[in-house]
Amino acid sequence: MASISKNFMLSDLVSTDKIDQLPSHYIRPLSQRPNLKDVSHDSIPLIDLHDLYTPNRSHVVQQIGKACSDYGFFQVKNHGVPESTIANMMNIAREFFKLPEEERLKTYSDDPTKTTRSGTSFNTRTDKVANWRDFLRIHCYPLQDYIHEWPTNPASFRDHVAEYCRSARWLALRLIEAISESLGLDGDYISRQLGKHAQHMAFNYYPPCPQPDLTYGLPGHKDLSLITILLQDEVPGLQVLRNGNWVAVDPVPNTFIVNIGDQMQVLSNDKYKSVLHRAVVNFEKERLSIPTFYCPSPEAVIGPASELVSDDEPAVYRKFTYREYYEKFWSIELANEDCLDTFRDSSST
Ligand code: OGA
Ligand code: NI
């Protein structure tokens, strides 16, 4: 194992040494670079959730369904998560990444099965090129099973993060219900497929980068979740693949970005696609993003909803447990393999 020595985390390398060139292990080969000049700023749908509980609900459900099938990504406003909950969360995350390295290394692990861990890059066991990112990953549902593992520094970390987790879960459940309806399923159908349910969260910290055109914060990938709800600061960085082109999703204050993850792709039998996305880094500014991954619990059996399978539209995937998928996800290299390929139903092709 690599020794945890001076400047183990990227943020400390950047703050202690004046770096004006990327260390070579961060440099992508020419063919994999972000080509930032070719990125458009078309944006993705912005959906107002206010009417989800008025007689206009079906209109919002329809908009959500259209965004899921056309983009796999959308933004939401009037989402019901209090501004103060969000502000506390962002502030505590910023404080965490300003702590001395030794403090942040208390939770360090490169073992993806650890339910609370800090680290750098994406998965140092499989990354061939390093990513310009430090992170803290936590599991947060059921809260009482995990909260005792979380950092206690900053002092109010557990309080603020727990409050945010509850709100984010509430929003996730509302969205999952609406998405279920948009597929013509009962509102609680998808929720019932998730076993006991699970929720993870990442705190992504992307320090300023001397050569942002040579590397990534996170290379193109799809999420392991059912849906992901992303909170980000005001610095751009997220890009989404649409019709073969990368589109920058510039931050809109007081919104969340929602995207379809691999589990929803399977449950919807490919009606809704988990879309490639990536995070690029910034020359001047640090960037913070906090995705909530809403997921099945490990023993839940995931497969296409039977109502969405017919002779004309056979099941695209076999059934699998979320545990099986999760192990596969963490064993492959993020950018170069599609995790769902292993779970395709060979009898349907
Ligand atoms: C992720 C992710 C995007 C971002 O953590 O899975 O896609 O903007 N993050 O940080
Ligand atoms: Ni992602």
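Could you calculate the FRET efficiency of Glu284 with Asp345 from 1/(1 + (r/R0)^6), where r is the beta carbon distance between them and R0 is 56 Å, rounded to 0.05?
The value I calculate is 0.70.
All other residues with a Cβ under 14 Å from the Cβ of Ala178 taken together, and with Lys, Arg as +1 and Asp, Glu as -1, what is their net charge? Walk me through the numbers before you get to the answer.
Values: positive: Arg57, Lys66, Arg174; negative: Asp48, Asp51, Glu177, Glu181, Asp186, Asp188.
Here the charged neighbours net out to -3.
Got a sec? What order do Ser11, Ser58 fall in by accessible area at 1.4 Å, biggest, i.e. largest, first? Don't skip to the answer; put the middle values down first.
Numbers: Ser11 15, Ser58 85 Å².
Correct descending sequence by accessible area is Ser58, Ser11.
As an exercise, use a Förster radius of 22 Å and the Cβ-Cβ distance of Ser31 and Asp250 to find the FRET efficiency, rounded to the nearest 0.05. Display every interim value, and only then the final one.
Values: r = 27 Å, r/R0 = 1.21.
That pair, Ser31 with Asp250, gives E of 0.25.
Just from the alpha-carbon atoms, what are the Rg and Dmax of the range 22-63 in angstroms?
Spelled out, the Cα radius of gyration and Dmax of the range 22-63 are 20.4, 57 Å.
Show that you can apply the helix-only estimate: for the chain, add -39,500 (n - 2.57) for every DSSP H stretch of four or more residues, divide by all residues, and state [θ] at 222 nm to the nearest 500.
Details: 9 runs with 89 residues, N = 349.
Mean residue ellipticity, 222 nm, calculated: -7500 deg cm²/dmol.
Working with all protein chains in place, sort Thr54, Thr85, Thr152 by solvent-accessible area computed with a 1.4 Å probe, largest first. Numbers along the way, then the final one.
On the way: Thr54 45, Thr85 5, Thr152 95 Å².
Descending order: Thr152, Thr54, Thr85.
Using 0.36 nm times the number of residues separating Asn123 and Ser24, minus their current alpha carbon distance, what extension gain do you get?
Working: separation 99, 0.36 × 99 = 35.64 nm, distance 1.78 nm.
Difference between extended and current length: 33.9 nm.
What number comes out for accessible area per residue over the chain if the probe is 1.4 Å? Units Å², please.
Numbers: 15390 Å² over 349 residues.
Value returned for the chain: 44 Å² of accessible area per residue.
Taking K and R as +1 and D and E as -1, what net charge do the other residues with C-beta under 15 Å from the C-beta of Asn269 add up to? If you can, show how the numbers build up before the last one.
Working: positive: Lys271, Lys273, Arg318, Lys319, Arg344; negative: Asp262, Asp270, Glu307, Asp311, Asp312, Glu313, Asp345.
Net charge around Asn269: -2.
Taking GluC sites (Glu not before Pro) that fall in a DSSP loop and have at most 16 other Cβ atoms within 10 Å as cut points, what is the longest piece of the chain between them?
Working: sites that count: Glu234, Glu284, Glu299, Glu333, Glu337.
The longest such stretch corresponds to 1-233.
Starting from the residue with the highest accessible area, list Phe8, Phe96 in decreasing order, probe 1.4 Å. Can you show the working numbers first?
Working: Phe8 40, Phe96 5 Å².
Greatest to least solvent exposure: Phe8, Phe96.
For the Cα atoms of the chain, what angle does the longest principal axis make with the long axis of helix 157-182, in degrees from 0 to 90, nearest 10?
On a 0 to 90 degree scale, this one is about 30.
Diagonalise the Cα gyration tensor of the range 1-118 and give the resulting equivalent ellipsoid semi-axes, square root of 5 times each eigenvalue, largest first, whole Å. Each step should come with its number before you reach the end.
Numbers: eigenvalues 299, 107, 43 Å².
Here the semi-axes work out to 39, 23, 15 Å.
Does the range 163-291 come out rounded, prolate or oblate, given a ≥ b ≥ c as the square roots of the eigenvalues of its C-alpha gyration tensor, rounded meaning a/c under 1.5 and, failing that, prolate meaning a/b above b/c? Kindly include the intermediate steps, with their values, before the conclusion.
Values: a/c = 2.45, a/b = 1.71, b/c = 1.43.
Prolate, because a/c is 1.5 or more and a/b exceeds b/c.
By how many nm would the segment from Arg57 to Thr85 grow when fully extended, if each residue of separation counts as 0.36 nm and the alpha-carbon distance is taken off? Walk me through the numbers on the way to the answer.
On the way: separation 28, 0.36 × 28 = 10.08 nm, distance 2.57 nm.
Working it through step by step, the gained length comes to 7.5 nm.
Compute the projected area of the convex hull of the Cα atoms of the range 73-144, averaged over all viewing directions, and report it in nm² to one decimal place. Display every interim value, and only then the final one.
Working: hull surface 29.0 nm².
Reported value for the Cα convex hull: 7.2 nm².
For helix 83-98, what angle does its Cα long axis make with the longest principal axis of the chain, in degrees from 0 to 90 and rounded to 10?
Computed tilt is about 40 degrees.
Regarding the range 217-349, what is the average projected area of its C-alpha convex hull, in nm²? If you can, show how the numbers build up before the last one.
Details: hull surface 37.3 nm².
Value for the range 217-349: 9.3 nm².
Enumerate the calculated ³J(HN,Hα) couplings along the range 262-268 in order (Karplus 6.51 cos²θ - 1.76 cosθ + 1.60, θ = phi - 60°), each rounded to whole Hz, writing x wherever the residue is Gly or Pro.
4, 5, 5, 4, 5, 4, 7
Can you give the accessible area of Arg33, probe radius 1.4 Å, in Å² rounded to 10?
Roughly 70 Å² of Arg33 is accessible to a 1.4 Å probe.
Kirkwood Rh, Cα Rg: Rg to Rh for the range 79-207?
On the way: Rg = 16.4 Å, Rh = 16.2 Å.
Expressed as Rg/Rh, it is 1.01.
Kirkwood Rh over alpha-carbon pairs of the chain, then Stokes-Einstein at 10 °C and 1.306 mPa s: what D in µm² s⁻¹, rounded to an integer?
Translational D for this selection: 77 µm²/s.
Summarise the accessible area of the range 15-172 (1.4 Å probe, protein heavy atoms) by the percent that is carbon and sulfur. Spell out each step's value before the answer.
Details: 3950 of 8060 Å².
In the range 15-172, the share of accessible area belonging to carbon and sulfur is 49 percent.
Can you give me the angle between helix 57-70 and the longest principal axis of the chain, using Cα atoms only, in degrees from 0 to 90, rounded to the nearest 10?
That helix lies at roughly 60 degrees to the long axis.
Running a GNM on the chain with Cα contacts under 10 Å, which residue among Tyr146, Tyr272, Tyr317 ends up with the highest mean-square fluctuation?
Per the Cα network of the chain with a 10 Å cutoff, Tyr146 tops the list.
Please check which bits of the range 262-292 a label hung off Leu241 would reach, taking the label as a point 7 Å along Cα-to-C-beta and the cut-off as backbone N under 15 Å.
262, 273-280
Ignoring ligands, DNA and RNA, what percent of the 1.4 Å accessible area of the range 292-339 is carbon and sulfur? Don't skip to the answer; put the middle values down first.
Values: 1080 of 2280 Å².
Of all accessible area on the range 292-339, carbon and sulfur atoms account for 47 percent.
The values are calculated or read from the model by the stated rules, or taken from the named source; none is laboratory data. Remember, it's a predicted structure, so these values are computed and weren't measured experimentally. Glycine also receives a Cβ, built like all others from the backbone with ideal geometry; neighbour counts cover every protein chain displayed. All accessible areas refer to the heavy atoms of the entire protein, side chains included, with ligands and DNA or RNA removed. Shrake-Rupley method; radii C 1.70, N 1.55, O 1.52, S 1.80 Å.
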